[in-house]
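What follows is one structure encoded as structure tokens, with my remarks underneath.
The values are calculated or read from the model by the stated rules, or taken from the named source; none is laboratory data. Please read all numbers here as calculations on a predicted model, not as lab measurements. Note that each Cβ is placed from the backbone with ideal geometry, even for glycine, and that neighbours are counted across all protein chains shown. Side chains are part of the model used for accessible areas, which takes the heavy atoms of the whole protein and leaves out ligands, DNA and RNA. Shrake-Rupley method; radii C 1.70, N 1.55, O 1.52, S 1.80 Å.
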Amino acid sequence: GTGPGQFGDSVWGVALDGRPMRTPARQELIVPSKALAEAIAAEWEAQQDEVRPATMPLTRLAATAIDRTRTQRDLVVAETANYAGTDLVCYRADHPPTLIARQQAEWQPLIDWAMQRYDAALAVTSGVVPRPQSPAALKAFAAAVAAQDDLRLTALHAMTTACGSLVIALALMEGRLDAPAAFAISQLDETFQIEAWGEDAEAAARRRALAEDIAAAERFVQLLNAGSRAG
């Protein structure tokens, strides 16, 4: 059978048929939350004859944290923090007015929130020419990213790449947005185009995959937080 087992005071592993589960790099898969260990075990329980990684997003995030983030932490911090320099929410359309209004309504509150939360003022630009962000703002966002532990950093990196926005990802991490809202806000431009022109199957599949990635990363963080609140 599959199940979580306790390793230390607050460290949980997942046992498969009595043997500790390992990551692709052969590290023991241990996490600091019983709730997360149980959810990972449940993903394995649900596998049929063949293991399908796509149906095990929590397992994948935990393994990524252990194999990649832990060993290449500075790189993952930099990759994530770099999004602040060209964040989606800072790039506004110059036409049509309905899209401009929608971007303002959905994105500006997040920029205002980030200013309050991280003391980081982001410059907004319309059109395609990028406007450099202030070194102070970039430093503040880099500090917010670097403050995350390996597991949360892995989730934040996944959220940021799926949303194309560090601001949206941080709002999701902090519970200001939920996963469906983060997806909708990050896909605002695409949705506007779809309303006008319709959507092809390939784009629909791509959007569905992004929505699933965002939801999995949110659940991963919620399970981590459940574990840390309990003990």
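Can you tell me which residues in the range 68-78 are under 18 Å from the mean Cα position of the chain (by Cα) and either closer than 13 Å to residue 126 by Cβ or open to solvent by 40 Å² or more (accessible area, probe 1.4 Å) (or both)? The answer is 68, 70, 72, 73, 74, 75, 78. Scanning the range 124-136 for residues that are open to solvent by 100 Å² or more (accessible area, probe 1.4 Å) and among the aliphatic types (A, V, I, L, M) yields a total of 2.
Picking from 204, 121, which residue would you name as being open to solvent by less than 30 Å² (accessible area, probe 1.4 Å), of a type outside the set (Val, Ile, Thr) and at negative phi?
Numbers: 121 fails: open to solvent by less than 30 Å² (accessible area, probe 1.4 Å).
Residue meeting the stated conditions: 204.
In the range 24-42, how many are assigned to a helix (DSSP H, G or I) and open to solvent by 20 Å² or more (accessible area, probe 1.4 Å)?
Kept after step one, since they are assigned to a helix (DSSP H, G or I), are these residues of the range 24-42: 34-42.
Adding the requirement that they be open to solvent by 20 Å² or more (accessible area, probe 1.4 Å) leaves 34-35, 38, 42.
Qualifying residue count for the region: 4.
If you filter the range 137-175 down to residues that are within 19 Å of residue 107 (Cβ to Cβ) and outside any helix (DSSP H, G or I), you find that the one that is most open to solvent (accessible area, probe 1.4 Å) is 174. Yes or no: the range 119-136 includes at least one residue that is among the hydrophobic types (A, V, I, L, M, F, W, C), at pLDDT 95 or above and part of a helix (DSSP H, G or I). Among the residues of the range 119-136, at least one is among the hydrophobic types (A, V, I, L, M, F, W, C), at pLDDT 95 or above and part of a helix (DSSP H, G or I), which makes the answer yes. The single condition from (1) touching a Ser or Thr at 6+ places or on another chain (Cβ under 9 Å); (2) modelled with pLDDT under 80 that residue 46 fails is (2). Of the residues making up the range 79-97, those that are open to solvent by 10 Å² or more (accessible area, probe 1.4 Å), touching a residue at least 40 places away in the same chain (Cβ under 8 Å) and part of a helix (DSSP H, G or I) are 79, 81, 83, 85, 86, 88.
Taken over the range 185-197, residues that are free of Cβ contacts under 8 Å to residues at least 60 places away in the same chain and not charged (D, E, K, R) amount to 6.
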